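In what follows, a single structure is set out as structure tokens and then discussed.
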Amino acid sequence: MNFQFYLEKLMNSSDFQKFKKENPNAYLCSGFFSIDKEKDGDNQQYLDYYVPELDKIFSFKLLNEGKVEMVPVESYNSAEKKEKPSKINDNYDFDFNYIEKLVEGKMFDEKINKNILKLLFSLQNLDGKDFLIGTVFISGLGLLKCEIDIQEKKVVGFEKKSFFDMMKIVRK
């Protein structure tokens with residue numbers, strides 16, 4: 001579960017090579033990674049590329065056996081936002097097992113003794129730096145929100161929440 005492995009899997013696919021040939025200026029602008037600790041093999045990886053000439057984002061879902069599924073992102077509209085997606089460096093070499101250990105270490109520091117059920121990470125560029133923005137589902141209906149600086153490989157933001165914190169309870 002290494003980022004470079006996923007990137008190489010994408011770059012070696014014939015669909016992506018065709019896409020890059022048609023869109024040589026396309027660049028990596030985000031990624032989404034789902035790691036399910038309960039259902040083995042239910043992990044998902046998406047890498048998103050922005051094409052400046054078309055002002056569109058295309059998402060590539062990595063499938064088994066080196067296959068890739070390209071999905072145009074329908075909801076992106078830069079005319080409303082007036083800014084283009086930031087380019088993300090594609091030469092990082094981080095492992096999601098190590099990232100999980102970073103989260104577990106922070107849980108230990110914060111005295112959170114729950115089990116990790118699912119990890120969701122979004123690879124994003126914020127203010128010129130690349131981060132993994134994580135939502136971690138833990139036992140006991142808990143959530144952890146975390147930011148991981150992937151250049152320094154450390155947790156820079158961490159917050160524990162509960163599903164009940166997000167529900168508005170209405171009494172009679």
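Can you match volume of the Cα convex hull per residue in Å³ to one of these, [x] 135; [y] 115; [z] 155, based on a calculation from the structure here?
[z]
Would you mind calculating the relative contact order of region 96-166 from Cα pairs under 8 angstrom and at least 6 residues apart, reporting the percent as a whole number?
Reported relative contact order: 23 percent.
What FRET efficiency comes out for Gln4 versus Leu54 if R0 is 22 angstrom and r is the Cβ-Cβ distance? Round to the nearest 0.05.
0.20
Is there a pair in Lys18/Lys61; Lys118/Lys160; Lys118/Lys145; Lys9/Lys129; Lys18/Lys84 whose C-alpha atoms are over 20 Å apart, and which pairs would that be?
In this structure, Lys9/Lys129; Lys18/Lys84 lie more than 20 Å apart at Cα.
Can you tell me the relative contact order of region 1-78? Whole percent, Cα pairs under 8 Å, sequence separation 6 or more.
That works out to 25 percent.
Positive end of the charge dipole of region 2-141 (Lys, Arg +1 and Asp, Glu -1 on Cβ, about the Cα centre): tell me which of Gly66, Ile116, Gly134 has its Cα farthest that way.
After comparing all options, I get Gly134.
Taking H as built 1.01 Å from N, whose amide H comes closer than 5 Å to the amide H of Lys161, not counting residues under 5 places away?
Leu143, Leu144, Lys145
Quote the FRET efficiency, to the nearest 0.05, computed for Asn97 versus Lys21 with a Förster distance R0 of 41 Å and r equal to the Cβ-Cβ distance.
0.75
Work out the FRET efficiency for Lys118 and Lys67 from their Cβ-Cβ distance, taking R0 = 22 Å, and round it to the nearest 0.05.
Efficiency, rounded to the nearest 0.05: 0.40.
With a point put 7 Å past each Cα toward its Cβ, work out how far Asn12 is from Ser34 in nm, to one decimal.
For Asn12 paired with Ser34, the spin-label model returns 2.5 nm.
All of the numbers you see were taken from the coordinates with simple rules; none came from a lab. All values reported here derive from a predicted model rather than from experimental measurement. All Cβ positions, even for glycine, are placed from backbone atoms using ideal geometry, and neighbour counts span all protein chains on display.
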